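Presented below is the structure to which this report refers.
The values are calculated or read from the model by the stated rules, or taken from the named source; none is laboratory data. Computed from a predicted model, the values in this text were never measured in an experiment. A quick note on method: Cβ atoms are made from the backbone with ideal geometry, for glycine too, and the neighbour counts reach across all protein chains shown. Surface areas here come from the heavy atoms of the whole protein model, side chains and all, with no ligands, DNA or RNA. Shrake-Rupley method; radii C 1.70, N 1.55, O 1.52, S 1.80 Å.
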Amino acid sequence: MNPIKSILYYVEDEVDLAALGHVVEIARSTGARITVGTVVKPAHLQVLFTRDNFDVQEVERLLIAHRERHLDEVVRGVGITDVMIDTRVFVGDPVYAIVEAVTKGDYDVLAKLPTHEDGFQQHIFGTMDMRLMRACPCPVFIGRVKPTGYSERIVAAIDYDEGDASKTTLNEKILESIAHMLSDQFSMVKQAYIAHAWSLYGESLLTAKAETAPPARLQKAMHQEENKRREWLAELVKQFKSSLPAGDAETFNPELELLHGDPVTTIPELVHHLNADVLAMGTLSRSGLGGMLIGNTAEAILNRVNCSVVTFKPQGFESPIPRHSRR
C-alpha cells in the first residue's frame with residue numbers, strides 16, 4: 001500500500017465530529033491531508049414544478065454555496081491546526097461524483113460513515129456503501145465510531161491465491177496496509193490478526209455421503225488440505241515480513257488465524273470474538289461484469305460484521321463508473 005498522503009472524507013449529511021476526529025487521527029499519524037467533501041445533486045436532473053422565472057441553476061448555485069459555508073464553518077470550529085483540512089462540494093450522482101473525485105484528485109483513501117437505509121432489504125452497509133466499495137479505485141474505509149472505546153485490534157482476511165494473480169496482489173496490499181498500521185507512526189492499531197478460512201472442496205457433500213468418501217479417507221484429505229493452507233499462510237507472511245525494511249519488520253508480528261469453514265461465517269465470528277475495531281479485506285468482482293459487483297463472499301461477510309471495514313482492489317483495477325459523471 002502506498003503511503004497515505006491524501007484522504008477524502010465524504011459526508012452525506014451533517015459532519016459527525018467524532019468520525020472527523022477519527023479521520024484526523026489517521027491523517028495525523030500518516031501526515032496526510034484531508035478533504036471534507038459532500039455532493040449536491042445537479043439541478044437539471046431533479047423533478048421540479050416549473051414556474052415562470054424559476055431558475056433551477058440559481059437554486060443549484062445557492063445549494064452549493066450553502067454547503068460550502070457549512071463545511072467551512074464546521075472545519076474551522078473543530079480548531080485543528082496540525083493537519084491540513086480543506087473542503088469541497090461536488091455536483092452529480094453521489095457515487096459517480098465521489099469516484100470521479102477520487103480519480104481526478106488522486107486520493108489514497110476514501111473514508112465515510114455507514115449509510116443508514118430503511119426497507120425490507122436493509123443490510124448493515126447501505127446501498128451507497130456497497131456501490132462505493134464496488135467502484136472506487138482506492139481503498140474505501142467505512143468507519144464506525146465505537147462509544148465503548150477501541151480494542152486496537154484489526155482482522156485482515158486473505159484468500160488462497162495459488163495461480164490467481166488478482167488475489168496475490170490483493171493479499172500484498174492487505175499485508176502492506178497491516179504493516180503500515182503496526183508501524184510506530186500509526187498509533188491506532190496495536191495487534192493484527194491475519195485470518196484465512198479454508199475447507200476441502202466438496203466437503204459438505206463428501207461428509208454427508210460416506211459411500212463417496214469413507215471417513216478415514218476424508219479425514220486424511222482434510223488433514224492434508226489443512227496443513228497445505230497452514231504452510232501457505234505461514235510462508236506468505238514470512239516472505240512478506242522479509243521484504244520489509246528492518247524497522248517495519250520489527251513491528252510486524254501479526255497473529256495467524258487458520259479458520260476451518262465457510263468464510264462468510266468464520267470471519268465474522270472471529271471479528272466478534274476479538275471485538276476487533278476494523279476488518280480489512282479485498283474485493284474481487286464477479287467475472288464478466290467489469291468490476292461492478294463485489295463477490296458474493298465478500299459482500300456477505302461485510303454485512304455480518306459490526307465494525308469498521310477497509311476494502312482493497314486488485315492491482316490494475318479500473319472503475320466501471322465513467323468520468324464526467326455530471327451530465
Tally of residues being open to solvent by 20 Å² or more (accessible area, probe 1.4 Å) and within 13 Å of the chain's Cα centre (by Cα) across the range 140-180 | 3
Among the residues of the range 155-179, which ones are of a type in the set (D, E, K, R) and within 21 Å of VAL109 (Cβ to Cβ)?
-> GLU172, LYS173, GLU176
Of all residues in the range 139-158, which are within 29 Å of ARG229 (Cα to Cα) and touching a strand residue (DSSP E or B) at 6+ places or on another chain (Cβ under 7 Å)?
-> PRO139, VAL140, PHE141, GLU152, ARG153, ILE154, VAL155, ALA156, ALA157, ILE158
Test ARG76 against the stated conditions and say whether it is touching a helix residue (DSSP H, G or I) at 6+ places or on another chain (Cβ under 8 Å) and at pLDDT 90 or above.
-> no
Here the residues within the range 187-199 that are open to solvent by less than 30 Å² (accessible area, probe 1.4 Å) and over 16 Å from LEU256 (Cβ atoms) are VAL189
At pLDDT 90 or above and not β-branched (Val, Ile, Thr), is that true of LEU48?
-> no
How many residues, within the range 76-104, are open to solvent by 30 Å² or more (accessible area, probe 1.4 Å), touching a residue at least 12 places away in the same chain (Cβ under 8 Å) and either charged (D, E, K, R) or outside any loop (DSSP other than H, G, I, E, B) (or both)?
-> 10
